[in-house]
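Data block below; observations after.
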C-alpha cells in the first residue's frame, strides 16, 4: 500500500503542478492532503481546483480555517501582515470553493491492514496551530497524542520535513509543496524559501514501513512573476522570501 501526503500548497499552483506530475509516476493507492490550500500565493482558485480534482482526504489547516473565519486569524496564528492577503484570496474563491474548504476534517485515521494505524492532522491532533519539530519535548508529544494509539503520526504546518522515531511511534511531516522553508519558522523573521515542492510517500508492506520525502523542483521564477503581477497584498513579503 502506497499513501501520498501533500501539505501546505498555499496558492502556489506551479509548485503543485510539479508535485502532481511527479506523483503520477509514483502510483499511490491513496492521497491525503494535510491542509493550508489556497492562501498567500498567486493562484488560490487554480490551486484549489487542482486539489479538488484529486478527490482525496482533506485535512483543515489553520489558513483554511482562517479564510472561513477571518475574525479568528490572530487566534489561528496568522500574522497581522497577512490578514489582507487572506481577504484577497477569499475574494478569488467562489461560494462552492469556500464550502469545499469547509468540508475539510480536523484529523483522519487510516488503518493499513498491516497492524499499523496512521493518524493524519495539520499541526497536531489537538490543534491545527501546534508546531511539532525534531526538538519538540517528549512530554509535549505525550500530551498531544494522549488520546490516540496510532503507531504513525503525520502532519504538516511547519513547512519542514520530519522523520522522527519517538518510542515505538513514528512522527512524520511531509514538508510543504508551496512554501518549503529552509529553516523552521521563527516569529518576526521572514522565512527563506527553497525552490522545490516537498511531499511524502509512505509504503506499507506487511510489517515494513518506508517513508520517502520527495523534492520536486518547480519554476520559482515563474511564481515570482505571477506574484509580482498580482495584486496580492502579501506580494512583497512573498518575494522577499525567495532572497
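The single condition from (1) touching a strand residue (DSSP E or B) at 6+ places or on another chain (Cβ under 8 Å); (2) surrounded by fewer than 22 Cβ atoms within 10 Å (Cβ to Cβ); (3) not in a helix (DSSP H, G or I) that residue 35 fails is (2).
So which of 19, 15, 4, 89 ends up being assigned to a strand (DSSP E or B), at pLDDT 95 or above and more than 16 Å from residue 157 (Cα to Cα)? Step through it out loud before you land on a result.
On the way: 19 fails: assigned to a strand (DSSP E or B); 15 fails: assigned to a strand (DSSP E or B); 89 fails: assigned to a strand (DSSP E or B).
Exactly one of 19, 15, 4, 89 is assigned to a strand (DSSP E or B), at pLDDT 95 or above and more than 16 Å from residue 157 (Cα to Cα), namely 4.
Listed by position, the helices (runs of 4 or more DSSP H) enclosed by region 138-243 that each have at least 1 residues that are buried (at least 19 other Cβ atoms within 10 Å of the Cβ) and in contact with a helix residue (DSSP H, G or I) (Cβ under 6 Å, 6 or more places away or on another chain) are 220-229, 235-241.
In region 55-71, how many are farther than 16 Å from residue 85 by Cβ and in a loop (DSSP other than H, G, I, E, B)? Quick ask: steps written out before the conclusion?
Applying the first criterion (farther than 16 Å from residue 85 by Cβ) to region 55-71 yields 55-60.
Remaining after also requiring in a loop (DSSP other than H, G, I, E, B): 55-56, 60.
Here the count works out to 3.
The residue that is surrounded by the fewest Cβ atoms within 10 Å (Cβ to Cβ), among those in region 1-18 that are over 14 Å from residue 215 (Cα atoms) and in contact with a strand residue (DSSP E or B) (Cβ under 7 Å, 6 or more places away or on another chain), is 1.
The values are calculated or read from the model by the stated rules, or taken from the named source; none is laboratory data. Note that this is a predicted model, so its numbers are computed, not measured. Cβ coordinates were reconstructed from backbone atoms using ideal geometry, including for glycine residues, and neighbour counts include every protein chain displayed.
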